[in-house]
Structures are given as structure tokens and as C-alpha cells.
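Participant: Below are the C-alpha cells for one structure; questions will follow.
What follows draws every value from the coordinates through simple rules; no lab data is involved. It should be emphasised that the depicted structure is a prediction, and the values quoted were computed from it without experimental measurement. Neighbour counts are summed over all protein chains in view; Cβ atoms, including those assigned to glycine, are modelled from backbone coordinates with ideal geometry.
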Amino acid sequence: MQKNESKKKPLVLAVEDEDDIADLLKFILENEGFAVELCSRGDEVLAACEMLMPDLILLDLMLPGIPGIPLCRQIRNNPATAKIPVIMLTAKSQETDIVAGLEAGAADYVTKPFSPRILVARIRAVLGNRSTGIVQISSGLSLVFGDLTINPERFEVRIGATPLLLTASEFGILFTLASKPGCVFSREHIIEQVKGTGYSVSERTIDVQIASLRKKMASAADRIETVRGVGYKFQDV
């Protein structure tokens, strides 16, 4: 493994213990212009991340060493890897599995068997969100509400002096709501703002991500208000 010093090609760390699927992922992604490193054990991922600093992690759920869900939490809770987006790639397709993956901090969830075109599109969407913060962000000015500061240019949220470790989707949701305080957003509208039009994701996913966002916001969590039967809004007072 070589450290990701060159940014000419986005580096994807594919964590997959089935050799045929791992080889297929490497073939597909390299043909699409990505650099790919493979890892087959969950207990080797954090060390690989710190050495390689990949741009994105493709993570299977059923892994030897450490399973995908607790591993995703470790990635999110480690300051050295917290900002690396994770896409779950797994045969587990039940809603409870998808919710568990998103609650653990995954930016997206793709089920096997997968369409190569859809997988590549999801990867590019997540990497695009990481670099721009959100599909619709156009201003570099910070939004400030009391001790809560949202800086889209630096992709950073702080409460006082404490930075919050948010996923790209969580940041996008928060910025979308906070950019128009008091305005009610439907779940569908939030998905369009954060992911773009034509992006297939359930509205339940937004509920899960907002629950995670509120937990991370702690004392500022009440600023995100649920509007029953409609969606969510941000309170600026």
C-alpha cells in the first residue's frame, strides 16, 4: 500500500473479504478513473486509512476481525479518519440494516448485487458532496446562530470552540435548513438539495440522519424542529 500523496485520482479503499467481488470492484473503479486499494479484514482498516488517507471507503458489513457497523463507528470517532466518507456495500438489504448503517455514520448504502453504473454514480455524488459540502452551496459566508457557526467554505460546524464531526450528508442537511431559518422543508426537498434531483433514497433516511445530527449538535439540537406531516425547519432564535 502506498500513501495517497497524489490527488490526480480519487483513492477508494474497498474493504471486501470475498476475493472475486474485491477484484471486480478494483476493475470497475480503476476503469472509471479511480485509484483503488483493497483490504479484506475489518481490524486492518483503521491502520490502512491512516497510512493511505483514502478519499472514500467502500465497506462491507460482514467482515472478519471487526464487522462493518462497529468499524464504521470507529472510523467516525477517530479524528484522523472522521472526515473520510463511508459507503456501505453489502448483501444486507433490510430497512433495519440500512438504518443501522446510516446511524453508524455511513454517507450512503448500496446493496449487492449492485449495478456498476449506480455504484460509480453514488461514489461520485458522495465525493462531490465532500468537496463542495452540499450540491447547492454557493456562498462562502459563515452562518452564525448564537454559539453555532456553519462555515460552508471550510465544511465546518462549531458549537463555541468545539468542532462537530459531521458526515457530508449531515452537513448538507444542516446547511440547507439553516440557510433559510423558519422555512419548512419537506423530506423530498431536503433530498433534492443535498443529493440532487433523481437521487434514489428513502425519506426515512432523512429522519435517521437528522436524528444523528441532533445528537451531535447537543445543546443546539432544538434548533432543528420537526413539523409534523410536512418535514423540518431551522429555528434561528
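Participant: Work through the residues other than residue 225 whose Cβ is under 12 Å from its Cβ and net out their charges, Lys, Arg +1 and Asp, Glu -1.
Facilitator: Working: positive: 214, 223, 228, 233; negative: 222, 236.
Taking every Cβ under 12 Å from that of residue 225, the sum is +2.
Participant: Still on this structure, I have one more. Using the Karplus equation 6.51 cos²θ - 1.76 cosθ + 1.60 (θ = phi - 60°), what ³J(HN,Hα) coupling, rounded to whole Hz, does each residue of segment 32-42 give in order, writing x for Gly and Pro?
Facilitator: Result, ordered by residue: 9, x, 9, 8, 10, 10, 10, 9, 10, 10, x Hz.
Participant: Which FRET efficiency value, to the nearest 0.05, is calculated for residue 124 and residue 53 with the Förster distance at 30 angstrom and r the Cβ-Cβ distance?
Facilitator: Numbers: r = 19 Å, r/R0 = 0.64.
Working from the Cβ atoms, E equals 0.95.
Participant: Same structure, new question: If I take R0 = 45 Å and measure r between the Cβ atoms of residue 115 and residue 180 in this structure, what FRET efficiency does the formula 1/(1 + (r/R0)^6) give, to the nearest 0.05? Can you show the working numbers first?
Facilitator: Working: r = 35 Å, r/R0 = 0.78.
Given R0 = 45 Å and the Cβ-Cβ separation, E is 0.80.
Participant: Taking the number of other C-beta atoms within 10 Å as the exposure measure, put 142, 212, 219 in order starting with the fewest. Kindly include the intermediate steps, with their values, before the conclusion.
Facilitator: On the way: 142 14, 212 20, 219 11.
Listed from fewest to most nearby Cβ atoms, that is 219, 142, 212.
Participant: Regarding the chain, what whole-number volume in Å³ per residue does the convex hull of its Cα atoms give? Intermediate values should be presented prior to the final figure.
Facilitator: Values: hull volume 29.2 nm³, N = 237.
Considering the Cα atoms of the chain, their hull volume per residue is 123 Å³.
Participant: Something else about it: Starting from segment 6-42, pick out the GluC sites (Glu not before Pro) whose DSSP state is loop and whose Cβ has at most 14 other Cβ atoms within 10 Å.
Facilitator: Working: sites: 16, 18, 30, 32, 37; in loops: 16, 18, 32.
Sites meeting the loop and neighbour criteria: 18.
Participant: A further question follows. Under a cut-off of 12 Å between alpha-carbon atoms, report the aspartates and glutamates in cross-link reach of residue 215, not counting same-chain residues fewer than 8 places apart.
Facilitator: Leaving aside aspartates and glutamates fewer than 8 places away in the same chain, those within reach of residue 215 are 103, 170.
Participant: Can you list the aspartates and glutamates whose alpha carbon sits under 19 Å from that of residue 112, skipping same-chain ones fewer than 8 residues off?
Facilitator: Excluding near neighbours in sequence, the set is 16, 17, 18, 19, 20, 23, 60, 95, 97.
Participant: Given a Förster distance of 41 angstrom, what is the FRET efficiency for residue 31 paired with residue 156, based on the Cβ-Cβ distance and rounded to 0.05?
Facilitator: Working: r = 35 Å, r/R0 = 0.84.
The pair residue 31/residue 156 has a calculated efficiency of 0.75.
Participant: Tell me which of 230, 183, 48 sits at the most positive position along the dipole axis of the chain, charges placed on C-beta atoms (Lys, Arg +1; Asp, Glu -1).
Facilitator: Going by the Cα projections, it comes out as 183.
Participant: Take every Cα-Cα pair in segment 11-132 and report what % of them are more than 24 Å apart.
Facilitator: Numbers: 1113 of 7381 pairs.
Result: 15 percent of Cα pairs exceed 24 Å.
Participant: In debye, nearest 20, what is the charge dipole magnitude of the chain about its Cα centre with +1 on Lys and Arg Cβ and -1 on Asp and Glu Cβ, if you could check?
Facilitator: Details: 27 positive and 30 negative charges, 154 e Å.
With only Lys, Arg, Asp and Glu charged at Cβ, the dipole is about 740 debye.
Participant: Which net charge results for the neighbourhood of residue 149, defined as the other residues with beta-carbon distances under 9 angstrom from its beta-carbon, given Lys and Arg at +1 and Asp and Glu at -1?
Facilitator: Working: positive: 158; negative: 147, 156.
That works out to -1.
Participant: Also: Once you place label points 7 Å from the Cα toward the Cβ at residue 82 and residue 8, how far apart are they in nm?
Facilitator: Result: 3.4 nm between the two label points.
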